[in-house]
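K.L.:
Before I ask anything, let me first share the structure, which is written out below as structure tokens.
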Amino acid sequence: MSSQMIPEYYGDDYRSEVPRFQIFLNCYNCQRPSSRYLQAIPPEITTEDELIESGLLAKQAFLCGKCECPIGTITGVKVEWISVPY
């Protein structure tokens, strides 16, 4: 296998846009705000509402980086579209 540099821009024919969700959370114990990114999700989920209704967030694990509490409260969800090579 050869190690080739991946060009920054492939052109429109070789790129795809996929949603990346940023989840905003507060720790239940220390109330410290944090955020996480969800990227590898089913392709039919493309909006914040679809993500919330899918139940996928209930399966995500959370652990506070400061106090190690495993309980977090979701305070917001934001979607951004990123370009990735096919």
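K.L.:
Between a first residue in region 33-62 that is under 13 Å from Val77 (Cβ atoms) and a second residue that is among the basic types (Lys, Arg), which pairs have beta carbons less than 7 Å apart while being 6 or more apart in sequence or on different chains?
P.N.:
Tyr37/Arg20
K.L.:
Return the residues of region 17-28 that are closer than 9 Å to Cys64 by Cα and loosely packed, with under 14 Cβ neighbours inside 10 Å; say none if nothing qualifies.
P.N.:
none
K.L.:
Taking region 51-65 as the region of interest, how many residues are charged (D, E, K, R) and touching a Phe, Trp or Tyr at 6+ places or on another chain (Cβ under 9 Å)?
P.N.:
Here is the first cut: in region 51-65, the ones charged (D, E, K, R) are 53, 59.
If we keep only those that are touching a Phe, Trp or Tyr at 6+ places or on another chain (Cβ under 9 Å) as well, we get none.
Of the residues in region 51-65, 0 are charged (D, E, K, R) and touching a Phe, Trp or Tyr at 6+ places or on another chain (Cβ under 9 Å).
K.L.:
So which residues in region 42-73 are surrounded by 12 or more Cβ atoms within 10 Å (Cβ to Cβ), assigned to a loop (DSSP other than H, G, I, E, B) and in contact with a Ser or Thr (Cβ under 8 Å, 6 or more places away or on another chain)?
P.N.:
Correct list: Ile45, Cys64.
K.L.:
Counting just the residues of region 13-50 that are polar (S, T, N, Q) and in contact with a Phe, Trp or Tyr (Cβ under 7 Å, 6 or more places away or on another chain), which one comes out farthest from Ser83 (Cα to Cα)?
P.N.:
Our first condition is that a residue be polar (S, T, N, Q); within region 13-50, this holds for 16, 22, 26, 29, 31, 34-35, 39, 46-47.
Pick out the ones that are also in contact with a Phe, Trp or Tyr (Cβ under 7 Å, 6 or more places away or on another chain) and you get 16, 22, 35.
Numbers: Ser16: 6, Gln22: 16, Ser35: 21 Å.
Applying the filter and picking the extreme gives Ser35.
The numbers here are math on the coordinates, done by the rules we state, and not lab data. Keep in mind it's a predicted model, so treat the numbers as computed, not measured. Note: ideal-geometry Cβ built from the backbone for every residue, glycine included; neighbour counts use all protein chains shown.
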